[in-house]
């Protein structure tokens, strides 16, 4: 099988695979809540396979505004996502080991589709929980959509949504995928520039 990726591209792909696997053990996203009664803040932390933080307290507070309670069981994606991440990492490692450009392109395409799909899914869940409020709740609020990234105010709570180190690891993995495809073209460009000079010398 012809190898059309150079050594640096291979190293980039293997590093991307390692970062993608590492992200399984790191938080991807978090929302922190601040209020006068909780000056230290409350956290919701999302890992690719689980939730962490002050989930029960947040659910108790959300009850008063009519928001549905949530748990790991609420999100079937948490069972599927680790498999998807491992599959992407294996594709990256395979493309690097075989040094095949076409495999790297396929992996980058799938990586992009999963990334965009993940952001869409997050936005969908945030919209669902923020707009499907119980009209019989003790505190009446207009429907709202918590942002994926940034500051928001809900009643007397101020929230901050941020991507975490696991998401940054995935972002770096994606950049390394692009870099691997860029590095592959360098030898071809060098050969194209030197070929005319070689022909002149031969003449």
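Descriptive notes on the structure:
- So residue 192, is it assigned to a helix (DSSP H, G or I), closer than 30 Å to residue 4 by Cα and at pLDDT 95 or above: no
- Those strands (runs of 3 or more DSSP E) of segment 1-78 in which 2 or more residues are at pLDDT below 95 occupy 29-35, 38-46.
- Exactly one residue out of 68, 52 is in contact (Cβ under 8 Å) with a residue 12 or more places away in the chain, loosely packed, with under 14 Cβ neighbours inside 10 Å and in contact with a strand residue (DSSP E or B) (Cβ under 7 Å, 6 or more places away or on another chain), and it is 52.
- Flag if residue 58 is out of contact with any helix residue (DSSP H, G or I) (no Cβ under 9 Å at 6 or more places or on another chain) and surrounded by fewer than 16 Cβ atoms within 10 Å (Cβ to Cβ): no
- Against the list (1) surrounded by 14 or more Cβ atoms within 10 Å (Cβ to Cβ); (2) more than 22 Å from the chain's Cα centre (by Cα); (3) under 26 Å from residue 176 (Cα atoms), the condition residue 81 fails is (2).
The values are calculated or read from the model by the stated rules, or taken from the named source; none is laboratory data. Given the structure is predicted, the values throughout are model-derived calculations rather than measurements. Backbone-built Cβ (ideal geometry, glycine too); neighbour counts: all protein chains shown.
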